[in-house]
Amino acid sequence: SQQGEEDPQALSIQEGENATMNCSYKTSINNLQWYRQNSGRGLVHLILIRSNEREKHSGRLRVTLDTSKKSSSLLITASRAADTASYFCATDGGTSYDKVIFGPGTSLSVIP
Amino acid sequence: GAVVSQHPSRVICKSGTSVKIECRSLDFQATTMFWYRQFPKKSLMLMATSNEGSKATYEQGVEKDKFLINHASLTLSTLTVTSAHPEDSSFYICSAVQGVAGNTIYFGEGSWLTVV
């Protein structure tokens with residue numbers, strides 16, 4: 001089953017530009033997390049934002065959360081070719097044991 | 001930081017045989033681990049929740065007898081694909097929560113299974 005939905009599903013930008021990816025979900029959550037996955041590899045945790053938070057920053061990453069709209073966005077500023085990867089949002093569905101459900105992901109290509 | 005290790009990273013097996021994939025939390029205890037399956041260019045699909053000391057909880061549509069999960073200790077969960085078929089070929093990833101619910105979830109590097 002999938003909870004979140006990413007938009008766009010594919011994004012191609014030039015190096016140095018900003019990349020914005022959006023995620024929508026269906027049920028209530030405790031927190032929302034963003035992950036990165038390089039092709040054929042495992043997931044790297046980027047950032048966790050709790051349901052009572054609206055914005056969070058980590059380096060070049062900025063995540064927002066709007067629980068009224070059940071949506072989140074991930075902004076990568078000053079993108080680099082090394083940022084090329086798939087990005088997934090994941091929500092816990094509000095359960096107590098962190099059963100995390102993933103959205104379909106956004107495939108980001110940063111062109112040097 | 002917390003690390004989750006999966007083994008093997010790649011495995012090829014013949015149709016009809018069984019293959020076991022291990023998921024270990026290396027520096028923390030995890031009472032709950034999760035197993036996901038990922039097809040090429042697709043997202044992760046939750047297969048089951050692995051509970052230490054009790055039976056796994058499977059998602060709808062996942063065959064329990066096909067995908068055996070054993071959470072033998074607080075640091076180890078195993079996924080056994082029984083009587084493997086080529087359509088079982090996929091990328092399998094496990095995850096574990098460090099500490100209490102709501103904390104960061106850490107993922108293993110994944111295991112590529114190819115059934116020939």
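The values are calculated or read from the model by the stated rules, or taken from the named source; none is laboratory data. Since we're looking at a predicted model, the values are computed, not measured. Positions of Cβ are backbone-derived with ideal geometry, glycine not excepted, and every protein chain shown enters the neighbour counts. The protein model used for the area step is the full one, side chains on, heavy atoms only, and it has no ligands, DNA or RNA in it. Shrake-Rupley method; radii C 1.70, N 1.55, O 1.52, S 1.80 Å.
Using a 1.4 angstrom probe, figure out how much accessible area the protein assembly as shown has per residue, in square angstrom, rounded to the nearest whole.
Per residue, the protein assembly as shown has an accessible area of 47 Å².
Counting pairs of alpha carbon atoms under 8 Å apart in space and at least six apart in sequence, what relative contact order in percent does segment B:51-116 give?
Relative contact order for segment B:51-116 comes out at 25 percent.
If you take the beta carbon distance between residue B:57 and residue B:114 as r and set R0 to 25 Å, what does 1/(1 + (r/R0)^6) give as a FRET efficiency, to the nearest 0.05?
0.35
Taking each residue in B:44-51, count the Cβ atoms of any other chain within 10 Å of its Cβ, then average. What number comes out?
If you average over the peptide's residues, the count of other-chain Cβ atoms is 4.
Taking only C-alpha pairs under 8 Å that are 6+ residues apart, what is the relative contact order of segment B:17-65 in percent?
Worked out over segment B:17-65, it gives 25 percent.
Measuring from label point to label point, each 7 Å out along Cα→Cβ, what is the residue A:27 to residue B:82 span in nm?
2.8
What average number of partner chain Cβ atoms lie no more than 10 Å from the Cβ of the residues making up A:32-44?
Per residue, the number of nearby Cβ atoms from other chains is 4 on average.
Anyone know which of A:59, A:42, A:16 comes out most mobile in the 10 Å Cα GNM of chain A?
For chain A, modelled as a Gaussian network with Cα springs under 10 Å, the answer is A:59.
For chain B, just give the cysteines left without a disulfide-compatible partner, judged by no other Cys Cβ under 4.7 Å.
B:13
For labels at residue A:41 and residue A:111 in the simple 7 Å Cα→Cβ model, what's the distance in nm?
According to this spin-label approximation, the distance is 2.4 nm.
To the nearest 100 Å², how much accessible surface do chains A and B hide from each other in total, with a 1.4 Å probe?
1900
Over the protein assembly as shown, how many percent of alpha carbon pairs lie in each 5 Å bin up to the one with the longest distance?
The distribution over the protein assembly as shown is 1, 7, 15, 18, 19, 16, 12, 7, 3, 1, 0, given as percents.
Straight-line reach from residue B:20: which lysines have Cα under 19 Å away, leaving out those fewer than 8 places along the same chain?
Counting by Cα, and skipping residues close in sequence, residue B:20 has these lysines nearby: B:55, B:64, B:66.
For the pairs A:56/B:41; A:26/A:99; A:26/B:42; A:26/A:56, note any where the Cα-Cα span goes beyond 23 Å.
Pairs exceeding the cut-off: A:56/B:41.
Pick from B:75, B:57, B:49: which residue has the top mean-square fluctuation in a GNM of chain B where Cα pairs under 10 Å get a spring?
B:57
So what is the relative contact order for chain A, in percent, with contacts set as C-alpha pairs under 8 Å and at least six apart?
39
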